[in-house]
Amino acid sequence: MTVSRTTPMGMCRFAREYVAAGHAVLREDQFGFSSPLYFLFGHAIELALKAFLLARGTPYNTLRFKPYAHDLSALLKEARRRRLGSLCKLSKQDVGLIHLLNAQYATKRFEYIVTGSYTVPAPDVLFVVAAKLVKSLEAYCYSVTYPDKPNNSFKPTPLRGAA
């Protein structure tokens, strides 16, 4: 079997790495507000949702452009339509946090200096949501990427700090 270069498991692995990097920045907490921290958690959520949608059969090139691209709300809406809830139970608060983050994330505000005030979720709560998504989707993404391997051969390393 030939595995595509961009696989659900590969995308999920990247999401895990962004969660871990965000958690490392969060533990240091020397900055008060940190745009890179919000970028890391936002990108982790984006990659986790894209991993799920890839696993559900959405072509990679479809995910790269509008309406999805970097729009967490659009990705979440499509993922929920494609039954994300069967693998990851997001509360109304979790969904609200993703939408609140998206208001700034989709505009790339965390990547470039933009003046003015705006509202973002608390980073520790955002970490929990991002980690929940990744942890909930890893085994599924693995089974779709490697259908010939038994599911019990997947042993994720624990995300430190995640509940």
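The values are calculated or read from the model by the stated rules, or taken from the named source; none is laboratory data. All figures in this text were calculated on a predicted structure; none of them were measured in a lab. Cβ atoms come from the backbone with ideal geometry, glycine included; neighbour counts cover every protein chain shown.
Structural remarks
- Whichever residue in region 51-70 is surrounded by fewer than 22 Cβ atoms within 10 Å (Cβ to Cβ) and aromatic (Phe, Trp, Tyr) and, among such residues, is nearest to residue 100 (Cα to Cα): 68
- Scan of region 97-117 for residues that are more than 15 Å from the chain's Cα centre (by Cα) and outside any loop (DSSP other than H, G, I, E, B), ordered by number: 103, 104
- Scanning region 99-134 for residues being closer than 14 Å to residue 41 by Cα and of a type outside the set (A, V, I, L, M) gives a total of 13.
- Pairs, first outside any loop (DSSP other than H, G, I, E, B) and of a type in the set (Gly, Ala, Ser) in region 64-88, second at pLDDT below 95 and surrounded by 16 or more Cβ atoms within 10 Å (Cβ to Cβ), C-beta under 7 Å, six or more apart: 74/68
- Restricting attention to region 1-32, the residues being in contact (Cβ under 8 Å) with a residue 12 or more places away in the chain and surrounded by fewer than 13 Cβ atoms within 10 Å (Cβ to Cβ) number 4.
- Lone qualifier among 134, 120 - being crowded, with 17+ Cβ neighbours inside 10 Å, in contact (Cβ under 8 Å) with a residue 40 or more places away in the chain and not in a helix (DSSP H, G or I): 120
- Qualifying residues in region 33-45 (those that are out of contact with any helix residue (DSSP H, G or I) (no Cβ under 7 Å at 6 or more places or on another chain) and at pLDDT below 95) - the one surrounded by the fewest Cβ atoms within 10 Å (Cβ to Cβ): 33
- Positions within region 39-97 being more than 15 Å from residue 133 (Cβ to Cβ) and polar (S, T, N, Q), in sequence order: 58, 61, 62
- Residues that are of a type in the set (Ser, Thr, Tyr) and surrounded by fewer than 19 Cβ atoms within 10 Å (Cβ to Cβ), drawn from region 78-111: 86, 91, 107
- Condition check for residue 48 on (1) touching a residue at least 60 places away in the same chain (Cβ under 8 Å); (2) surrounded by fewer than 17 Cβ atoms within 10 Å (Cβ to Cβ): one failure, at (2).
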